[in-house]
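What follows is a structure written as structure tokens; I'll ask about it next.
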Amino acid sequence: MLSRTQAVGLVALTLMWGVNWPVMKLSLQELTPLYFRALTMTGGALWLWAFYRLRGVRLTPQGHEWRSIVKLALPNMLGWHTLAIFGVAALASGRAAILGFTMPVWTVLLGALFFGQPLTRRSSVAALAVLLAVALLLADEFTAMAGRPVGVAVMLGAALSWAIGTLMMRRAHLTLPVEALTVWMMLLTAAALWLLALVFEPWPSWRFSPRMWGLLAYGVLFNYGFAQIIWFSLARHLPPATSAMSVMMVPLIGTASATVIAGEWPRWTDGVAVVCVMAAIATVLVPPAAWRAVLRR
């Protein structure tokens, strides 16, 4: 049973992750993708560094821990965050959220393909649901006058990168606290993003509107700050099925909030796709015992 504090934290986390998708879309009206990611990730990493330093978490890596940080940062941070922001630039933000959160299903499928994990009937059903969602969105992008089918491929690449990173995290033998690992992955990724931005994008004017400063503050304080802190806190105390429900709701929140924040009206294909992805996430992440408990109520 969730405590009141845990329930509030879970709802807040889901809202922050979901709303972040249209926030990113609006931010790209005044700032290019790589500079946006570099700026917000740098601010978020410094935010987390200060918070965890005050909490007494060991933040200084030692010896071989640096190798783990670099290896895990490549798919989990650099791959996911870079491809995702370009996916958001190419697609409606709600649609990008739907495709990005196919990650749990790709994690299961890659685990079965490369690590000998059993591919159950539930995993197969989830994979078919995700493939249906992707096919619907891809077909819609091909037929739309201003469609961006390449954006679908980029967003799926982001989801696959995140899935690979998740599998690597599960198999890593870490001696560094997860909080410190996250901070350093963010700092190294931010440094790489600044370098890429300097090479491939024009230098920003930095004369942003008040709305843009608010969007940047949201990215730093909420997406890379409070959300990470809440997630680490909940992950220690909640069962996997409960955490899965939070992940499952993010595409729905992202699609719904995009209408209010970014003025993006979802098409019928988005509605069907988000249901398919939510069902797929629930199928692979929520244990059968949890479903039986719900049905017995």
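Take LEU160 and decide whether it is within 21 Å of the chain's Cα centre (by Cα), hydrophobic (A, V, I, L, M, F, W, C), surrounded by 20 or more Cβ atoms within 10 Å (Cβ to Cβ) and at negative phi.
Considered against the rule, which asks whether it is within 21 Å of the chain's Cα centre (by Cα), hydrophobic (A, V, I, L, M, F, W, C), surrounded by 20 or more Cβ atoms within 10 Å (Cβ to Cβ) and at negative phi, LEU160 comes out as yes.
Then there's this: All but one of (1) under 22 Å from THR166 (Cα atoms); (2) at pLDDT 95 or above; (3) surrounded by fewer than 24 Cβ atoms within 10 Å (Cβ to Cβ); (4) of a type outside the set (Asp, Glu) hold for ARG37; which doesn't?
Result: ARG37 fails condition (3) only.
Test TRP291 against the stated conditions and say whether it is at pLDDT below 90 and in a loop (DSSP other than H, G, I, E, B). It would help to see each step written out before you state the result.
Working: at pLDDT below 90: yes; in a loop (DSSP other than H, G, I, E, B): no.
Spelling it out, it is not the case that TRP291 is at pLDDT below 90 and in a loop (DSSP other than H, G, I, E, B).
Identify, from the list ALA112, ALA50, ALA135, ALA127, the residue that is surrounded by 20 or more Cβ atoms within 10 Å (Cβ to Cβ) and in a helix (DSSP H, G or I).
Checking each option against the conditions leaves just ALA127.
Find the residue count for region 174-208, including only residues that are in a helix (DSSP H, G or I) and free of Cβ contacts under 8 Å to residues at least 60 places away in the same chain.
Step one: list which residues in region 174-208 are in a helix (DSSP H, G or I), which gives 178-200.
Subsequent filtering for residues that are free of Cβ contacts under 8 Å to residues at least 60 places away in the same chain retains 178, 191, 195, 198-199.
Looking only at that region, the number is 5.
If LEU31 satisfies all but one of (1) at pLDDT 95 or above; (2) surrounded by 19 or more Cβ atoms within 10 Å (Cβ to Cβ); (3) in a helix (DSSP H, G or I), what's the number of the condition it fails?
Checking LEU31 against (1) at pLDDT 95 or above; (2) surrounded by 19 or more Cβ atoms within 10 Å (Cβ to Cβ); (3) in a helix (DSSP H, G or I), the one that fails is (3).
Here's a follow-up. Sort out which residues of region 64-103 are of a type in the set (Lys, Arg), surrounded by fewer than 20 Cβ atoms within 10 Å (Cβ to Cβ) and touching a residue at least 12 places away in the same chain (Cβ under 8 Å), and write them in order of number.
The one that is of a type in the set (Lys, Arg), surrounded by fewer than 20 Cβ atoms within 10 Å (Cβ to Cβ) and touching a residue at least 12 places away in the same chain (Cβ under 8 Å): LYS71.
Also, I was wondering about something else. Can you run down the residue pairs with Cβ atoms below 6 Å, 6 or more apart or on separate chains, where the first is in region 111-122 and under 18 Å from ARG171 (Cα atoms) and the partner is part of a loop (DSSP other than H, G, I, E, B) and of a type in the set (A, V, I, L, M, F, W, C)?
Listed by first residue and then by second, the contacts come to ALA112/LEU119.
The values are calculated or read from the model by the stated rules, or taken from the named source; none is laboratory data. Note that the structure is predicted; figures quoted are calculated from it, not measured. When we count neighbours, we look across all protein chains shown, and the Cβ atoms used for this are built from the backbone with ideal geometry, even at glycine.
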